[in-house]
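A.B. asks: Following this message is one structure expressed as structure tokens.
The values are calculated or read from the model by the stated rules, or taken from the named source; none is laboratory data. Here the structure is a predicted model, which is why all the values come from computation and not from measurement. Cβ coordinates were reconstructed from backbone atoms using ideal geometry, including for glycine residues, and neighbour counts include every protein chain displayed. In case anyone asks, the SASA skips ligands and DNA or RNA and just uses the protein heavy atoms, side chains included. Shrake-Rupley method; radii C 1.70, N 1.55, O 1.52, S 1.80 Å.
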Amino acid sequence: MNETVSFGYQQVAPAEKTARVGQVFSSVARRYDLMNDAMSAGLHRRWKDRFVRRVKPQMSETILDMAGGTGDIAFRLAESGAAITVADINPQMLEVGMDRAAKRGIDGLVWTEANAEQLSFPDRFFDAYTIAFGIRNVTDIPAALAEAQRVLKRGGRFFCLEFSTTQWPGFNDIYDAYSHHLVPRLGQMLAKDGDSYRYLIESIRRFPDMPTFAGMIEQAGFTRVSVEPLLGGLVAIHSGWKI
């Protein structure tokens, strides 16, 4: 890994990024879902519904939902009857997810604190691996993709929902103005933390575009890699298969 990595628009040491990202999500955990609604006007719910439909979870499957702390993806996956493990590096995010599951009467999920770059699960253990709006916050993305490939069974599926770069003419400028100026203000108003949301927006800008990230997934050993742009590519569903 490089000597420095991006933390928003800053270059920092890898260990510093891991620590600072942890601080961001510890700070926003309790207001994370409220902010998702505010920032996306509720669209994140439809994106996540579409994402899970693409995964097509089955009752007999075991699925790892990485960076899934608050449970949004896991709750949707669990409706299929599949065995879901929710993993997140941040214990505060996991606490929010477990509280939400208890209030909804959702049981049977496995919750575990885990670093996407160094998973403790055995080789070829899961039928599917999902990660939604989490991969851009990983310090070493190639390492996380390699771990996803390792823990999947042969024939296993990788799915990633992440922000990207819209290809609609003019829309990117509008979104840039909105995200850089309004989102930190919303973060300050609703979560009392404008700086954390400034980082989250900057992390979107620093994340690789769709073709580049698809190439990274292929380099990790996945085949039949594809991408489905949403809102012209503002958000994208990446997928690949392990053979």
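A.B. asks: Using a 1.4 angstrom probe and counting only protein chains, how large is the accessible area of ARG157 in Å², to 10?
C.D. replies: Surface open to solvent at ARG157 totals about 20 Å².
A.B. asks: So how much slack lies between ASP107 and THR212, counting 0.36 nm per residue of separation and subtracting their Cα-Cα distance, in nm?
C.D. replies: Extending this stretch completely gives an extra 34.0 nm.
A.B. asks: Something else about it: Using a 1.4 angstrom probe on the protein heavy atoms only, could you order TYR9, TYR175 from most to least accessible area?
C.D. replies: Descending order: TYR9, TYR175.
A.B. asks: In Å and whole numbers, how far do the C-alpha atoms of the stretch 64-184 stretch along each principal axis, longest first?
C.D. replies: Principal extents (Cα only, largest first): 45, 35, 25 Å.
A.B. asks: Report the FRET efficiency, 1/(1 + (r/R0)^6), for ILE243 and GLU79, where r is their Cβ-Cβ distance and R0 is 22 Å, rounded to 0.05.
C.D. replies: FRET efficiency, ILE243 to GLU79: 0.20.
A.B. asks: With the crude spin-label approximation of a point 7 Å out along Cα→Cβ, what separation in nm comes out for ARG50 versus TYR9?
C.D. replies: It works out to 2.9 nm between the two label points.
A.B. asks: May I ask you to derive the relative contact order of the stretch 65-166, considering only C-alpha pairs under 8 Å and at least 6 residues apart, and to give it as an integer percent?
C.D. replies: With pairs under 8 Å counted, the relative contact order is 28 percent.
A.B. asks: Please report how far the C-alpha centroid of the stretch 20-70 lies from that of the stretch 132-196, rounded to the nearest whole angstrom.
C.D. replies: So the separation of the two Cα centres works out to 11 Å.
A.B. asks: Sum -39500 (n - 2.57) across every DSSP H segment of at least 4 residues in the chain, then divide by the residue count to get the 222 nm mean residue ellipticity, nearest 500.
C.D. replies: -13500 deg cm²/dmol
A.B. asks: A follow-up question, please. What accessible area, in Å² to the nearest ten, does a 1.4 Å probe give for ILE89?
C.D. replies: We get 80 Å² for ILE89.
A.B. asks: At a probe size of 1.4 Å, how large is the accessible area of LYS17, to the nearest 10 Å²?
C.D. replies: Here the accessible area works out near 10 Å².
A.B. asks: If you keep only loop residues by DSSP, which GluC sites (Glu not before Pro) in the stretch 1-104 have at most 15 other Cβ atoms within 10 Å of their Cβ?
C.D. replies: Sites meeting the loop and neighbour criteria: GLU3, GLU79.
A.B. asks: Here is a follow-up. So, counting K/R as plus one and D/E as minus one, what does the shell of residues with Cβ under 13 Å around GLU147 add up to?
C.D. replies: For residues surrounding GLU147, the net value is 0.
A.B. asks: With all protein chains present and a 1.4 Å probe, how do TRP47, TRP241 order by accessible area, largest first?
C.D. replies: Correct descending sequence by accessible area is TRP241, TRP47.
A.B. asks: From the C-alpha coordinates alone, can you work out the Kirkwood hydrodynamic radius of the chain, in Å?
C.D. replies: 18.1
A.B. asks: For the stretch 1-130, what value does the Rg/Rh ratio take when both radii are computed over Cα atoms and Rh is the Kirkwood radius, given to two decimals?
C.D. replies: So for the stretch 1-130, dividing Rg by the Kirkwood Rh gives 0.99.
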